[in-house]
1. Cut-off 10 angstrom, C-alpha nodes, Gaussian network model of the chain. Which of Trp175, Trp17, Trp44 fluctuates the most?
2. Lys/Arg Cβ at +1, Asp/Glu Cβ at -1, dipole of the chain taken about the Cα centre: which of Leu237, Leu15, Leu160 is farthest positive-ward?
3. So how much slack lies between Val136 and Phe108, counting 0.36 nm per residue of separation and subtracting their Cα-Cα distance, in nm?
4. With every atom except the alpha carbons ignored, what do you get for Rg and Dmax of the range 66-291, in angstroms?
5. Of the lysine pairs in the range 159-294, how many meet both conditions: Cα atoms under 17 Å apart, and a spacing of 8 or more in sequence or different chains?
6. Using helices alone, I'd like the mean residue ellipticity at 222 nm for the chain: each DSSP H run of four-plus residues gives -39500 (n - 2.57), total over residue count, nearest 500.
7. Can you compute the modelled spin-label distance between Thr262 and Trp44, with each label point 7 Å from Cα toward Cβ, in nm?
8. Residue separation times 0.36 nm, minus the C-alpha to C-alpha distance between Val127 and Lys242: what's the value?
Amino acid sequence: MTRVQKGSMTSKETLRWRAIESLRPEDERVCYDNMANDFMDRPWQSFSRNRFMRKLLIRQSNKDFIGMGGFIVARTRYIDEFLKAQIAEGIKQLVILGAGYDSRAYRFNLLDVGMKVFEVDHPDTQVLKMMKVKMVLGSMPKHAIYVHVDFAHEKLEINLPKNGYDSGLKTLFIWEGVTMYLPEESVNRTLAFIAAYSGEGSCVIFDYLFESAIDGTSQVKEAQMMRMHCAKLREPLHFGLKEDAVGGFLLSRGFSLLENTTATSLKNTYFKGKAQQRKVFPLAAIVCAKVRHL
């Protein structure tokens, strides 16, 4: 019997949030991913073309997991801006870890100019993603390289180099919406690879949940809802960090902390005007860190 590949359900939900956000009027949206809607399934695309249905989708999104959608779209905007800054500073490679339905390899034109983009993900999710890319773009982009890795069991130091990754180049690693689903050992192993196998000036950007959202000690009701929801999807939460321990955590693993951006900062930066009343999940943050080459 042929195995039916379903891919990551949480990556599909992240795509849905980006698609909904990108349907909003320009003066209301926090981020814009012009490929998110194309990556969605065809029934969704037909649904979203209807003006009334678009408004219904947006209205419903404000009721589901209050604040989580806000964090996801702000995270997309923040990482987009960090990527633009890194391109200006001369990165030579981009590695997207747990790429899911990330479209940065295709919607950032500067990436087409002599820069390899490595999309790393679980085989089940990546096969579906590649089918979508070919369907939307008509062909597979030459600068994007798809690397199959199961983060819980396989090693980046084996799979990436054999696909053309150059450990001597200045590289940006984007690790969006992944760490919370991994055991701590896998997080440490991935950071160890980045620290040991990347060129001078390389950086990593990733988001994380606070430990209290993982272990159940937080009194924020959305944290409990999220744990239950992820468990139901069979993608339970595993990894979190204490709010005040990020700098030490990174330093002991070979990194210098550049920024630790909290939900409050994201809210104040991106949710203005018509978006001002929207909420951002408070128990998450985004880290930018630079490899310490001693």
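Read the figures in this text as sums done on the coordinates, not as results from a lab. From a predicted model like this one, the values you see are computed outputs, not experimental measurements. Cβ placement follows ideal geometry from the backbone for every residue including glycine, while neighbour counts extend to all protein chains displayed.
1. Evaluated over the chain, the most mobile residue of the options is Trp44.
2. Toward the positive end, the furthest listed residue is Leu15.
3. Details: separation 28, 0.36 × 28 = 10.08 nm, distance 1.56 nm.
Extra length available between Val136 and Phe108 comes to 8.5 nm.
4. So, for the range 66-291, Rg and Dmax equal 17.2, 49 Å respectively.
5. 4
6. -12500 deg cm²/dmol
7. Taking the simple label geometry, Thr262 and Trp44 are separated by 3.2 nm.
8. On the way: separation 115, 0.36 × 115 = 41.40 nm, distance 3.51 nm.
Result: 37.9 nm gained on full extension.
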